[in-house]
Amino acid sequence: MSNEDTREYFNTVATQWDEMRQQFFGEGVRVAAIRAAEISPGAIVADVGTGTGFLSEKALAVGARVIGIDSSEEMLAETRRKFAGRSFEARAGDVDSLPLETGEVDAALANMVLHHAPNPPNAIREMARTLKPGGKLVITDADTHEHEWLRTDQLDRWLGFERADIARWFEDAGLIDVAVGDTNEICSPTAKCGERAAITIFIASGRKAG
Ligand SMILES: C[S@@+](CC[C@H](N)C(=O)[O-])C[C@H]1O[C@@H](n2cnc3c(N)ncnc32)[C@H](O)[C@@H]1O
């Protein structure tokens, strides 16, 4: 599958994404992510693969200035509509080459995006690049699973991740205080054939030294 296939898929589902997402996972994911990011009012936060702004909404609520980045223009159109007049900027871009300066943000967040990334270690390195010294990277995503149909139904590139790999990729990206743990949340998509998955969701965090 190509980046273009992924972009097309998410363009197609953008107007339904809020409803779809509610069937996949719940509030606990973003509560855990925002807490781990230690966002102060006025902090600059990148929500990478923002979709319709699930994490952005919560970051705005704690007083952050949010940059939502996505490769899908239709997703970004949803966020522009939803957050009009708020401290939110939508930027089109790819997780492998983010439209952010080095050291631009206090926190970078990515929920359920890494399993769409062509090269996850590179995506982590790229997100780490954008952090200010002391800034935090927080990623929430699926643990490894065997639901192959997610590749065709929802264009997942990776069937989740081993937590040890995630920790190593954070460390290889130069991050310190790396931790990978449970969100205590389950991702539960339903296949076109009717099968329902129940996939645990991890939370990974790390800090840029300095
Ligand atoms: C499963 S959705 C998650 C959206 C949002 N983070 C949420 O929690 O609702 C994945 C999002 O990542 C975006 N995406 C996928 N591949 C991407 C890439 N290579 N670069 C940037 N965004 C990407 C998709 O367009 C989509 O909005």
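The values are calculated or read from the model by the stated rules, or taken from the named source; none is laboratory data. The shown structure was predicted, so the numbers you read here are calculated from the model rather than taken from an experiment. Backbone-built Cβ (ideal geometry, glycine too); neighbour counts: all protein chains shown.
When A123, A167, A142 are checked against the criterion of being closer than 11 Å to A204 by Cβ, among the small types (G, A, S) and at pLDDT 95 or above, A167 stands alone in meeting it. Condition check: small (G, A, S), touching a residue at least 60 places away in the same chain (Cβ under 8 Å) and in a strand (DSSP E or B). Does A107 satisfy that? Spelling it out, A107 is indeed small (G, A, S), touching a residue at least 60 places away in the same chain (Cβ under 8 Å) and in a strand (DSSP E or B). The condition (being touching a strand residue (DSSP E or B) at 6+ places or on another chain (Cβ under 9 Å), in a strand (DSSP E or B) and farther than 25 Å from A64 by Cα) is satisfied by just one residue among I186, I201: I186.
Looking only at residues that are among the charged types (D, E, K, R) and under 22 Å from A32 (Cα atoms) in segment 45-102, which one is farthest from the ligand (Cβ to nearest atom)? So, considering only residues that are among the charged types (D, E, K, R) and under 22 Å from A32 (Cα atoms), the one farthest from the ligand (Cβ to nearest atom) is R65. Residues of segment 1-19 that are in contact with a His (Cβ under 6 Å, 6 or more places away or on another chain) and more than 8 Å from the ligand (Cβ to nearest atom): none at all. All but one of (1) touching a Ser or Thr at 6+ places or on another chain (Cβ under 9 Å); (2) under 18 Å from A108 (Cα atoms) hold for R207; state the number of the condition that does not hold. Result: R207 fails condition (1) only. When W158, W149 are checked against the criterion of being closer than 17 Å to T200 by Cβ and of a type in the set (F, W, Y), a single residue qualifies: W158. Note on segment 80-110: residues that are closer than 16 Å to I44 by Cβ and either touching a strand residue (DSSP E or B) at 6+ places or on another chain (Cβ under 7 Å) or β-branched (V, I, T) (or both) amount to 18. So which residues in segment 51-109 are surrounded by fewer than 23 Cβ atoms within 10 Å (Cβ to Cβ) and either among the β-branched types (V, I, T) or modelled with pLDDT under 95 (or both)? Within segment 51-109, V62, T102 qualify.
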